[in-house]
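To keep things clear, I will list the structure first and then write my remarks on it.
The values are calculated or read from the model by the stated rules, or taken from the named source; none is laboratory data. This one's a predicted model, so the numbers in the text were calculated from it and none came from an experiment. Here the Cβ positions follow ideal geometry from the backbone for every residue, glycine too, while neighbour counts run over all protein chains shown. Surface accessibility is based on the protein's heavy atoms, side chains included, excluding ligands, DNA and RNA. Shrake-Rupley method; radii C 1.70, N 1.55, O 1.52, S 1.80 Å.
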Amino acid sequence: LLVQIRVLTYGEDYDVNLRCANCNKSFEHTIKLSELEVDELDDTFHDHWEFVLPGCKDTITMTIPRVKDNIENERLAKKKSEKFHLNMDEVRYIFSMMLGIEKVNGMDMLPDELYTYISNLSGKDSAFIRKQMNQIKVGYDTNLETDCPHCGETFKFALPMSASFFLA
């Protein structure tokens with residue numbers, strides 16, 4: 001949606017300054033936003049799925065978080081971080097996992113119970129959940145690549161989405 005708003009407001013050309021990962025030289029590059037690949041879910045996709053964690057063997061039921069959930073989640077993570085003087089990145093990570101987890105072993109959990117559950121997971125189980133969540137690709141593919149005009153090498157970069165994305 002944000003990309004479409006940008007295209008409708010300023011056009012499809014998005015000029016960015018990139019630095020080559022190979023020769024470290026900077027250059028201007030124009031991204032055609034209308035040509036970005038879009039990942040869509042196929043008709044067989046179900047927005048709930050289950051898997052067993054490799055370490056603790058718990059069964060997790062996942063769902064795809066909605067945009068409105070992400071916005072509220074960010075607000076709640078900031079509030080918890082400030083209230084209990086916790087590292088915001090860690091709280092944000094746990095809250096993002098909470099958004100996707102619908103049930104543990106077939107049971108709903110209260111938010112505080114789920115927060116504690118995720119906090120106490122092994123690194124192996126936490127990474128497994130993150131991997132499951134990251135398998136769902138929906139929307140614009142913002143992982144791009146281009147050739148450096150200086151050295152000719154192809155390198156990958158992420159679509160820059162700072163405040164300048166909305167300022168022509």
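Pairs over the 23 Å Cα-Cα cut-off, from the set 131/156; 57/80; 68/137; 83/124; 103/131; 83/103: 57/80; 83/124; 83/103. Our summary gives the chain a relative contact order of 24 percent, counting only alpha carbon pairs under 8 angstrom and 6 or more residues apart. Annotation: aspartates and glutamates with alpha-carbon distance below 18 angstrom to residue 79 (same-chain offsets under eight excluded): 69, 89, 90, 112, 113. In the range 1-85, with Lys and Arg counted as +1 and Asp and Glu as -1 at Cβ, which of these residues, 21, 48, 76, has the Cα nearest the positive end of the dipole, that is, farthest along it? It is 76, whose Cα lies furthest towards the positive end.
The range 137-168 and the range 50-78 have Cα centres lying 28 Å from one another. Normalised size of the range 1-154, defined as Cα radius of gyration per 2.2 N^0.38 Å with N residues, equals 1.33.
Ranking 99, 157, 119 by Cα position along the charge dipole of the chain, where only Lys, Arg, Asp and Glu carry charges on their C-beta atoms, puts 119 farthest toward the positive end. Per residue, the accessible area of the chain comes to 66 Å² when a 1.4 Å probe rolls over the protein heavy atoms.
Fully extended, how many nm does the chain gain between residue 19 and residue 52 (0.36 nm per residue separation, minus their Cα-Cα distance)?
Gain in length upon complete extension: 7.7 nm.
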